[in-house]
1. For residues that are part of a loop (DSSP other than H, G, I, E, B) and without any contact (Cβ under 8 Å) to a residue 12 or more places away in the chain, scanning just the stretch 268-298, find the one that is most open to solvent (accessible area, probe 1.4 Å).
2. Looking at this structure, is Asp289 modelled with pLDDT of 90 or more and among the charged types (D, E, K, R)?
3. Kindly list the number of the only condition in (1) open to solvent by less than 40 Å² (accessible area, probe 1.4 Å); (2) modelled with pLDDT of 90 or more; (3) farther than 23 Å from His178 by Cβ that fails for Phe304.
4. Give the residues of the stretch 311-330 that are of a type in the set (S, T, N, Q) and open to solvent by 60 Å² or more (accessible area, probe 1.4 Å), sorted by residue number.
5. Which residue pairs have Cβ atoms under 8 Å apart, sit 6 or more places apart or on different chains, and have a first residue in the stretch 429-455 that is more than 23 Å from Val353 (Cβ to Cβ) and a second that is among the hydroxyl-bearing types (Ser, Thr, Tyr) and open to solvent by 10 Å² or more (accessible area, probe 1.4 Å)?
6. Let me confirm something: among Lys208, Lys160, which residue is open to solvent by less than 30 Å² (accessible area, probe 1.4 Å), under 21 Å from Gly313 (Cα atoms) and assigned by the TED database to the domain that holds Gly268?
7. Among the residues of the stretch 249-267, are any of a type in the set (S, T, N, Q), within 26 Å of Ile151 (Cα to Cα) and open to solvent by less than 40 Å² (accessible area, probe 1.4 Å)?
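The values are calculated or read from the model by the stated rules, or taken from the named source; none is laboratory data. Source: prediction; values computed, not measured. Methodologically, a virtual Cβ is constructed for each residue, glycine included, from the backbone with ideal geometry; neighbour enumeration extends over all protein chains shown. We work out accessible area using only protein heavy atoms, side chains counted, and drop any ligands, DNA or RNA first. Shrake-Rupley method; radii C 1.70, N 1.55, O 1.52, S 1.80 Å.
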Amino acid sequence: SLASTAITCYTRGLDLRKETEDVLCPADCPLWQFYVFGDGIYASLSSICGAATHRGVITNAGGAVRVQTLPGQENYPAVNANGIQSQVLARWASSFSVTRTKNTALEAVGRSVSTARPSTGKRPKKPLDKKAGNKDCKADIAFLIDGSYNIGQRRFNLQKNFVGKVAVMLGIGTEGPHVGVVQASEHPKIEFYLKNFTAAKEVLFAIKELGFRGGNSNTGKALKHTAQKFFTLENGARKGIPKIIVVFLDGWPSDDIEEAGIVAREFGVNVFIVSVAKPTTEELGMVQDIGFIDKAVCRNNGFFSYQMPTWFGTTKYVKPLVQKLCSHEQMLCSKTCYNSVNIGFLIDGSSSVGDSNFRLVLEFISNVAKAFEISDIGSKIAAVQFTYDQRTEFSFTDYTTKEKVLSAIRNIRYMSGGTATGDAISFTTRNVFGPMKDGPNKNFLIVLTDGQSYDDVRGPAAAAQKAGITVFSVGVAWAPLDDLKDMASEPRESHTFFTREFTGLEQMVPDIIRGICKDFLDSRQ
């Protein structure tokens, strides 16, 4: 459409929803207020109108800009141009470029310039549909508050006030953020769940009513409990929305929180730590583990930790914390190996397998697939059967629920014939993985075979790996170890599996799942 969207001086690249969007920048944006990262290719954290001015696409008179979304980068440079000093950024998850729009009549079309009010230096208030809340902030948040003797009744009340202010500023609503509260004390207590309230007023009231429990802070115990029990669908967690735990810690934890941090990451939960009144030099002797923050947060890149000197006068800390919690694309722990992989199974249907063994192969595939969170926005499964010929049983986009995938696996019919494994790998790389290559998920191929291939497997497997597919080879009975190793990704030892009997496939299931998760994590570091 030709109509362009009027934006403000502060609209960032990550606020846009489309791949390519035509926008209108208002006139007289205050140059010194622009945040711009990079040069030519800008981190999506940057102001769009700022980047357009920096690039020379528009002047201070504002005007039309075409914004193109691009992948993330490392090392965005700082360059001074057209009165704007852009800043350095080590890495960001997405970028954009700005160009002049082709159509100069654009200004006259659609929502015209007059809707972009001249900036007074304040962001024009978007009319907020009160019930819906802030739709731009997608988050399911558990506030894990400190209810220990360490913090005491007086500071506990200040903590409640702070959490209340954060909750209000988040813009809670049916389509905005949802929040719940867990109190850490001797034993953790879930005070209310995500589903209990969808309006800020109700949440504020519930926070006011919280009673102080006392006891040790046992933050690790509470964090683990929250990661495991709080974010279930029954309790109101929403599919595809980042799960966040904000841990408030007065001083230091009374137990170990490293293991809880690991559990939270496995469950796809983003842990933030807000540490208040961190231990002073003379207290350090009482702290079990000085590096407790780095061990519990989602990533210790500085984004997930937040420090406040005391509980007194915390108002100015509210907004920066809210901005972090609403930075959807920074939630690095939402993606886990369980919800962010595509697994293709390549199944040997040659006559040496036989009917009853073929059933055992299908059972093995089902047991691996079962471990993953299969959905339209999660992990995906595909299966190809081969003899001399190949047959796509189902592709990655055919089934988007676990039930449908498992039933499709059960319904695979045994072909029976020769063995051309190399051809089959090429076929699968091209036809099954080809359409997925720009998707967000990491790609895995599991090749199951019981014998020698009639063709070369090394070339096709190398091509699959070059296309970004990690290959596991699973051999049974007469499958030659050299072939299996030639197909497998590096390190070959951990990607090659063999069993004499088809009944031995069952024991391999946990190792294959662990292997996929290890590769997934290594690729994210």
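1. Looking at the filtered set, the residue picked out is Ile290.
2. Details: modelled with pLDDT of 90 or more: no; among the charged types (D, E, K, R): yes.
When the stated conditions are applied, Asp289 does not pass them.
3. For Phe304, the failing item is (3).
4. Residues of the stretch 311-330 of a type in the set (S, T, N, Q): 314-315, 323, 327, 330.
Those that are of a type in the set (S, T, N, Q) and open to solvent by 60 Å² or more (accessible area, probe 1.4 Å): Thr315, Gln323.
5. Pro435/Ser395; Pro435/Thr397; Lys442/Thr470; Lys442/Ser523; Asn443/Thr470
6. Numbers: Lys208 fails: open to solvent by less than 30 Å² (accessible area, probe 1.4 Å).
Residue meeting the stated conditions: Lys160.
7. At the first step, the residues of the stretch 249-267 found to be of a type in the set (S, T, N, Q) are 254.
This time we only want the ones that are within 26 Å of Ile151 (Cα to Cα), so: 254.
Next, only the ones that are open to solvent by less than 40 Å² (accessible area, probe 1.4 Å) stay: none.
No, because not a single residue in the stretch 249-267 is of a type in the set (S, T, N, Q), within 26 Å of Ile151 (Cα to Cα) and open to solvent by less than 40 Å² (accessible area, probe 1.4 Å).
Conditions tested, residue by residue: (1) open to solvent by 40 Å² or more (accessible area, probe 1.4 Å); (2) among the acidic types (Asp, Glu).
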| site | (1), (2) |
| --- | --- |
| Pro460 | no, no |
| Gly475 | no, no |
| Asp483 | no, yes |
| Glu490 | yes, yes |
| Glu501 | yes, yes |
